[in-house]
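Written out below as structure tokens is the structure these notes cover.
The values are calculated or read from the model by the stated rules, or taken from the named source; none is laboratory data. Being a predicted model, the structure only gives us computed values, none of them experimental. Positions of Cβ are backbone-derived with ideal geometry, glycine not excepted, and every protein chain shown enters the neighbour counts. Note: accessible area is taken over every heavy atom of the protein model, side chains too, but ligands, DNA and RNA are not part of it. Shrake-Rupley method; radii C 1.70, N 1.55, O 1.52, S 1.80 Å.
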Amino acid sequence: MRSRAAAELLAGAGFKEVYSLKGGLHAWQGLTAAGPPSQGLGLISGGEGLPEMLAMAYGLELGLRVFYAEAAGRADSAATAEVLTLLAQVEAKHLDRVWALYAASAPAGADRGEVDRQASAQMMEGGQEVERALLDLAPEGLRPAALLELAMALETQALDLYLRLARKAREEGARRALLDLAQDEKTHLQALAEKLEGLGGD
Amino acid sequence: MLIKALFSPSRDLNPAEVRAYLASHREDAFTLLDVRQPGEYERGHLPGAVLIPLPQLSGRLDEMDRSKPVLAY
């Protein structure tokens, strides 16, 4: 088992506290994020300041909000629409938070309309993936449970990106903000999981 | 073997314990380490995990902060 072998190696090399996942990732039943370590980091040098990092986060969150709004428009039941509207609202709050961080750190006169426009332009490509994801779900997939699962998968990807960005950021302020956003994502995921559980048999 | 176990402990955690650890520890307080191959990482990894394939691990130990706990899978 590679997990165990790695743990033994690390412990033997003097790492103080070492844990391994029994059974490796095969045994993991939670969500995972896809993509190589460099995903989403291609345009990042690490030397970016807080404003640049937050602009990226803003684009990401905007994409998520658009997804929820799109999905809500296709909801085939009141229950589904309700779940999606809730998610869109949560996302809108998160977006406000990212914007507040950005406005506080950016050069004077940050224009939210302009940032929205730029983020939307970048999202056109991502938007096609959103379309595809929604179409893939098909009518039966637009049940609240399936939508919550898709939301959790997207949020897990966002969490992964924030964490990898935080590791690459060299400026402490940027790193802190990204870790805070990652923590927000973890909280979102927890809330989504509880909502999913609350739906019970769907 | 016994001496090694006494002085270089590592703990095997089951998935529920790992989930609890991830939920209760801030990301910058520990290193989440994926020791599989790049293709496996691409197909699915735990959010924020660092990738150092096992064959390379012994030569890349200095990439990790020794003062922080490591959770490897």
Asked for the total accessible area buried by A and B (1.4 Å probe, Å², nearest 100), one would answer 4100
Rounded D (µm²/s) - the stretch B:13-73, Kirkwood Rh over Cα pairs, Stokes-Einstein at 10 °C, 1.306 mPa s: 130
Largest first and to the nearest Å, give the Cα extent of the stretch A:1-107 along each principal axis. 54, 44, 23
Residues in the stretch B:43-70, backbone N under 13 Å from the label point at A:Ala193 (7 Å along the Cα-to-beta-carbon vector): list them, ranges by number please. B:47
Work out the mean other chain Cβ neighbour count within 10 Å for the residues of A:173-179 and drop it here as an integer. 1
